[in-house]
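Taking it in order: structure first as structure tokens, then the write-up.
The values are calculated or read from the model by the stated rules, or taken from the named source; none is laboratory data. The structure presented is a predicted model; accordingly, all values stated were derived computationally and were not measured. As a convention, Cβ positions derive from the backbone with ideal geometry for all residues, glycine included, and neighbour counts pool all protein chains shown.
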Amino acid sequence: MTELLKIKDGLQRLYGRYDMVISHILKFAAAFISFMLIRGMTGYSSAASSVFVLILLSAVCAFLPAGVTALAGCILIVLQIYEISIEFAIITLVMLLILLLVYYVFSPKTGYVLLLVPVMFMLHIPYAAPVIVGLTAGAVGIVPAFFGTYLYFTLAFCSEFMASVSSFGEGEFVTKLTFIMDNTILNKEMLVMGIVFAATIVLVYVIRSFSIDRSWIIAIVTGSVVEAVLVVMSHVMLSLSFSMPGLIVGIVISIVIGLVLNFFIFSVDYSRTERVQFEDDDYYYYVKAVPKLNMTVTDVKVKKINSRTQKAEEYDVRDSYGADENTEPDESERRMAYERDVLNLEDEEEK
């Protein structure tokens, strides 16, 4: 535990010293990873799939808010889809504009959630996303979490659409449109995951806000278990397929990631909890103070011993101070005599 606290303290001090540089590097990495994952799931447009273009775009996004990175990712998605179907691209563009409008109105400062959710899906650990969002963003993360879920299912549908597009004739516009709508906007699995994510985010946020010991850990475990139950119940009721081993592994990973976040963000020492009560003219205040769990830095003072200090200590303090031999000098007298002797030795050496 001590070593982990040392690592945490070192990372915090490092970030505090180079926060601007580290922030730009992290933004660049998040943008580039997101753009490359979009490229990996689509890759239909040569311009939008160019690594040089993606690096350049990521470098620009590194100096802009996370919402701009999300907007750039949406533009890349529309450009990729446009290469396979104009109808599909128009539907996607309209939905993205609506979701972006809702996002910028209700939760404009949670752009990282919009990037996090589809990335978690692509890494096959989607069940960790709502736990992370509930711990860090709270209830306002519901909108970008649903937005990110829609983005992933839209990207996942691209390959299926490419395999089926040849079966549609020129006069089957309505059939093609219905096929696109059923697998994107009206996709049952997407809607189920969006609802489950929203419920998990609210549950985790509410529990971690309680003034109880280890509220974050309780929120992580409870939220993950409830999420698993909701996933199983909803998929069974709607006859949707899912992987039980994948669900179990995902929930375990979700708990582990949540505990790591708890250590780095909300590690406190409940054994030293203090409760304070005070009042003013209008209110009574009941305050619970829980100290953070940090490494204590020991103030080490090194005293340099040389020949001059040793000689000064050999002097009889009483003779130096002029006190009676039968009188024991107090601490202040000893200190004054010692300092005077040191000064006398320095003067003698200078002469």
Counting only residues in segment 29-40 that are surrounded by fewer than 18 Cβ atoms within 10 Å (Cβ to Cβ) and within 24 Å of TYR103 (Cα to Cα), the one farthest from the chain's Cα centre (by Cα) is identified as MET36
Mind checking whether some residue in segment 250-264 is in the same structural domain as LEU123 (by TED's automatic domain parsing), over 17 Å from PHE197 (Cα atoms) and either over 19 Å from the mean Cα position of the chain (by Cα) or of a type in the set (Val, Ile, Thr) (or both)?
yes
PHE266, sole failed condition from (1) farther than 17 Å from ILE132 by Cα; (2) crowded, with 16+ Cβ neighbours inside 10 Å:
(1)
Looking only at segment 75-83, decide whether some residue is surrounded by fewer than 16 Cβ atoms within 10 Å (Cβ to Cβ) and more than 30 Å from PRO245 (Cβ to Cβ).
yes
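Table: residues versus (1) modelled with pLDDT under 90; (2) part of a helix (DSSP H, G or I).
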site	(1), (2)
LYS8	yes, yes
LYS27	no, yes
GLY43	yes, no
SER58	no, yes
Within segment 41-71, can you find the residues that are small (Gly, Ala, Ser) and surrounded by fewer than 20 Cβ atoms within 10 Å (Cβ to Cβ)?
GLY43, SER45, SER46, ALA47, SER50, ALA59, ALA62
Which residue out of SER159, SER211 is of a type outside the set (Phe, Trp, Tyr), modelled with pLDDT under 90 and under 20 Å from SER241 (Cα atoms)?
SER159
Checking the conditions here, which among GLY258, GLY246, GLY223, GLY250 is surrounded by 20 or more Cβ atoms within 10 Å (Cβ to Cβ) and farther than 30 Å from ALA289 by Cα?
GLY250
Just a yes or no: is a residue in segment 131-142 assigned to a loop (DSSP other than H, G, I, E, B), assigned by TED's automatic domain parsing to the domain that holds PHE266 and on the phi < 0 side of the Ramachandran plot?
yes
Which one of these does ALA199 not meet: (1) within 26 Å of the chain's Cα centre (by Cα); (2) of a type in the set (A, V, I, L, M, F, W, C); (3) surrounded by fewer than 20 Cβ atoms within 10 Å (Cβ to Cβ); (4) modelled with pLDDT under 95?
(4)
Residues within segment 151-195 that are touching a residue at least 40 places away in the same chain (Cβ under 8 Å), in a helix (DSSP H, G or I) and within 18 Å of TYR82 (Cβ to Cβ), tallied
14
Which residues, counting only those in segment 60-91, are at pLDDT below 90 and either of a type in the set (S, T, N, Q) or not assigned by TED's automatic domain parsing to the domain that holds PRO108 (or both)?
SER85
Cross-chain or 6+ apart pairs with Cβ under 7 Å, segment 37-61 first and within 11 Å of LEU76 (Cα to Cα), then crowded, with 19+ Cβ neighbours inside 10 Å and of a type in the set (Ser, Thr, Tyr):
ARG39/SER49; GLY43/SER49
